[in-house]
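Report on the following structure.
Since every read-out is calculated from the coordinates, none of them should be taken as a lab result. This structure is a prediction, so every number in the text was calculated from the model and none was measured. In this analysis, Cβ positions are derived from the backbone assuming ideal geometry, glycine residues included, and neighbour counts consider all displayed protein chains.
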Amino acid sequence: ELPTTYLLNGAVYVARSEWLLEYRNFHGPETVAFPMPLERSVDIDAEIDFLYAELLMREGYYDYN
């Protein structure tokens, strides 16, 4: 069995401005992950991405209420 792996999706970044000024990056020694299901991690950069997100909502994979 393969180990669990994660992929950055860029959905959520939270940091203090002092921390960003020190590290100049969102990823540092205190960075923690916020695992999200794949169907809630749709990155919309193009029309096809938007259509995919609409499909997920229409089919009930994403509850937006």
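Quick notes on this structure:
- Cβ-Cβ distance of residue 58 and residue 20, R₀ of 35 Å, FRET efficiency by 1/(1 + (r/R0)^6): the value works out to about 0.40.
- Paramagnetic reach from residue 45 in region 1-36 [backbone N under 12 Å; point 7 Å along Cα→Cβ]: 9-10
- Between the alpha-carbon centres of region 1-18 and region 46-60 there is a gap of 23 Å.
- Cβ-defined net charge surrounding residue 9, 14 Å radius [Lys, Arg +1; Asp, Glu -1]: -3
- For the chain, the percent of C-alpha pairs falling in each 10 Å distance bin, counted from 0 to the bin holding the largest distance, reads 16, 35, 29, 18, 1.
- Placing unit charges on the Cβ atoms of the charged side chains and taking the dipole of the chain about its Cα centre, the candidate lying farthest along the positive direction among 46, 31, 11 is 31.
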